[in-house]
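Engineer: After the structure tokens below, expect a handful of questions from me.
The values are calculated or read from the model by the stated rules, or taken from the named source; none is laboratory data. Bear in mind the structure is a predicted one, so any value in this text is a computation, not a measurement. Glycine also receives a Cβ, built like all others from the backbone with ideal geometry; neighbour counts cover every protein chain displayed.
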Amino acid sequence: MRRSPWATLAVLALAQFIVVLDVTIVNVALPDIQSDLRFTTDNLQWVISGYTLLFGGFLLLGGRAADLLGPRRVFIGGLALFGLTSLLGGLATSPGLLIGARAVQGLGGALLSPAALAILTVTFAHGRARNIAMGVWGGLAGLGGTLGVVAGGLLVDSLSWRWVFFVNVPIVIALIVAIPTFVRDIRHDKQENRSFDLAGAVLGTAGVLAVVFGVVRAEASGWGSAEVVGFLAGGVVLLVAFVAVEARTAAPLVPLRLFRARSLSVSSAALALNGAAFLSMFFLVAIYLQQVRGDSALEAGMHFLPMGVAAIVGAALATQLVHRVGTRTLQIAGTVLSAAGLLLLSRAGATGGYATELLPGLVLFGLGIIGIGVPAQIAAVADVAHHEAGAASGVVTAFNQVGGALGLAIVTTLSITHTTNAIAQGVGQQQALVEGFHRGLLVATAFAILNLVVSLATPQLRPDAEQVAEAAVAA
């Protein structure tokens, strides 16, 4: 049976669309989720972190599973898991159930996303057709992130927060029905080593989870408490064990030799810091717009829209400019824009105008994060062997997700601590929330400034068109 490659692309791109959509669609629903399920402020960030941690932590395992079991089979399994946990998230009646559903939903995304990309690269040969397909894939993914905040606001205001999860279910069902018709089954040659390195994936993800949980509990228990020190120390032990396993296994998820390439190490750090700044900004501003300024969920989503548009424009500009100015120059410019945007946002008050206090910062930040992402993705594979480029790209993508979750934990903990201390000193609740918002965004700004230092070590490259297309998709 002959299948149109463009019909295949439509199925794959729609699946990636909902994976990216779920990163942003939930943000504007957070205040309603907090009120309905009685989340504490420090635990609310797990609705975001639970998803991103397991997505990032198991992304490389998903790619390995696609190689060994066949990408279509893993794609279907990941989609089914993603749809089922979306349904369970919408039906959740307690914080624990929702966080658990979001975490497993992230695992579903970690299975389907690399499998979809593997199918795409086999379906389209090197050259113009693949560049176009990558552009469509990346464009729809970017559109998912941009429309997510608006769609989330519309669903929350017109139905309820539960529909930001339920909306995935009919899409997933339609995709699973369409896959046998439009996506061919790709058979890989038999591989000598069929190890999944499940131990590596579990140890690495559990280590980061323990560190994040320790940071989150610091506000309630204190940094020197036995609980916090225990989780932080346990996380470090698990991460050391992860490195030991990766060094010994014959087919590691993260080949440690890749980090001998300075460009990969630098790019991993840059994308981890970029993820930390992005998730922190999104979480804080979503709460600020609704709890301080009194926006509805839809109004908050519309207020985020210019940032998404700026990111799409930034992607188009970055793919053109990186040819001319090189990766280092573009990445430095991106970090400066990102830091400037966060600094402007950190000065917003409780009653100031949106156009003067929030819009400039959101636009600058939207431009800046893509200015970091595109050159960092290109630099990541610059010094690694061609046959390991896929593994290197997976590593930096995982760093982006995991860095985002860890950064969000640090920022929210410091923000909540500042708010709590301000209230204890007699500051009114709304003003205390504003001060906590300012503190959190200043910490996020520090991440961006640190990224400026990291960017100085980025190699100066002028890539070809295909490298740019693939980097834009990853960013």
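Engineer: From the residues in segment 1-28 that are among the aliphatic types (A, V, I, L, M) and in a loop (DSSP other than H, G, I, E, B), which one is farthest from Leu87 (Cα to Cα)?
Structural biologist: Here the residue is Met1.
Engineer: Report whether or not Phe82 is outside the structural domain of Phe283 (by TED's automatic domain parsing) and at pLDDT 95 or above.
Structural biologist: Working: outside the structural domain of Phe283 (by TED's automatic domain parsing): yes; at pLDDT 95 or above: yes.
So Phe82 passes the test.
Engineer: From Val384, Val443, which residue is of a type outside the set (Asp, Glu), in the same structural domain as Gly352 (by TED's automatic domain parsing), in contact with a Ser or Thr (Cβ under 9 Å, 6 or more places away or on another chain) and modelled with pLDDT under 80?
Structural biologist: Details: Val443 fails: modelled with pLDDT under 80.
The conditions single out Val384.
Engineer: Then there is this: Sort through Leu87, Leu112 and tell me the only one that's surrounded by fewer than 24 Cβ atoms within 10 Å (Cβ to Cβ), in a helix (DSSP H, G or I) and not small (Gly, Ala, Ser).
Structural biologist: Being surrounded by fewer than 24 Cβ atoms within 10 Å (Cβ to Cβ), in a helix (DSSP H, G or I) and not small (Gly, Ala, Ser) holds for just one of Leu87, Leu112, which is Leu87.
Engineer: While we're here: Quick one: how many residues across segment 238-267 are modelled with pLDDT of 80 or more, surrounded by 14 or more Cβ atoms within 10 Å (Cβ to Cβ) and of a type in the set (A, V, I, L, M)?
Structural biologist: Here the count works out to 7.
Engineer: Then there's this: If I filter segment 124-163 down to residues being of a type in the set (Ser, Thr, Tyr) and not in a loop (DSSP other than H, G, I, E, B), which single residue comes out as modelled with the highest pLDDT?
Structural biologist: Here the residue is Ser158.
Engineer: Could I ask something else about it? Which residue pairs have Cβ atoms under 6 Å apart, sit 6 or more places apart or on different chains, and have a first residue in segment 356-367 that is surrounded by 20 or more Cβ atoms within 10 Å (Cβ to Cβ) and a second that is not in a helix (DSSP H, G or I)?
Structural biologist: Close Cβ pairs satisfying both conditions: Leu358/Ala348.
Engineer: For segment 204-226, which positions are assigned to a helix (DSSP H, G or I) and free of Cβ contacts under 8 Å to residues at least 12 places away in the same chain?
Structural biologist: Ser221, Ala226
One line per residue, one yes/no per condition, for (1) at pLDDT 85 or above; (2) in contact with a Pro (Cβ under 7 Å, 6 or more places away or on another chain); (3) within 23 Å of Gly294 (Cβ to Cβ):
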{"position": "Ser4", "(1), (2), (3)": "no, no, no"}
{"position": "Ala10", "(1), (2), (3)": "yes, no, no"}
{"position": "Gln16", "(1), (2), (3)": "no, no, no"}
{"position": "Thr24", "(1), (2), (3)": "no, no, yes"}
{"position": "Ala29", "(1), (2), (3)": "yes, no, yes"}
{"position": "Trp46", "(1), (2), (3)": "yes, no, no"}
{"position": "Arg64", "(1), (2), (3)": "no, no, no"}
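Engineer: Please pick out the residue among Val212, Val240 that is within 19 Å of the chain's Cα centre (by Cα) and not assigned by TED's automatic domain parsing to the domain that holds Gly407.
Structural biologist: Exactly one of Val212, Val240 is within 19 Å of the chain's Cα centre (by Cα) and not assigned by TED's automatic domain parsing to the domain that holds Gly407, namely Val212.
Engineer: Residue pairs, Cβ under 7 Å, 6 or more apart or interchain, first in segment 87-116 and within 15 Å of Ala29 (Cβ to Cβ), second of a type in the set (D, E, K, R) and surrounded by fewer than 23 Cβ atoms within 10 Å (Cβ to Cβ). List them.
Structural biologist: Gly90/Arg162
Engineer: Looking at segment 264-282, can you tell me whether even one residue there is over 20 Å from the mean Cα position of the chain (by Cα) and assigned to a helix (DSSP H, G or I)?
Structural biologist: No, every residue in segment 264-282 fails to be over 20 Å from the mean Cα position of the chain (by Cα) and assigned to a helix (DSSP H, G or I).
Engineer: If you don't mind, there's one more thing I want to ask. If you scan segment 292-348, which residues turn out to be out of contact with any Ser or Thr (no Cβ under 6 Å at 6 or more places or on another chain), touching a residue at least 24 places away in the same chain (Cβ under 8 Å) and among the charged types (D, E, K, R)?
Structural biologist: Arg293, Glu299, Arg324, Arg347
Engineer: So, one more: Restricting to segment 151-167, count the residues that are surrounded by fewer than 21 Cβ atoms within 10 Å (Cβ to Cβ) and in contact with a Leu (Cβ under 9 Å, 6 or more places away or on another chain).
Structural biologist: Adding up the residues that qualify gives 8.
Engineer: Are there helices (runs of 4 or more DSSP H) fully within segment 31-80 with at least 3 residues that are touching a residue at least 12 places away in the same chain (Cβ under 8 Å) and farther than 18 Å from Ile416 by Cα? List them.
Structural biologist: On the way: elements: 41-44, 46-57, 59-69.
By residue number, 46-57, 59-69.
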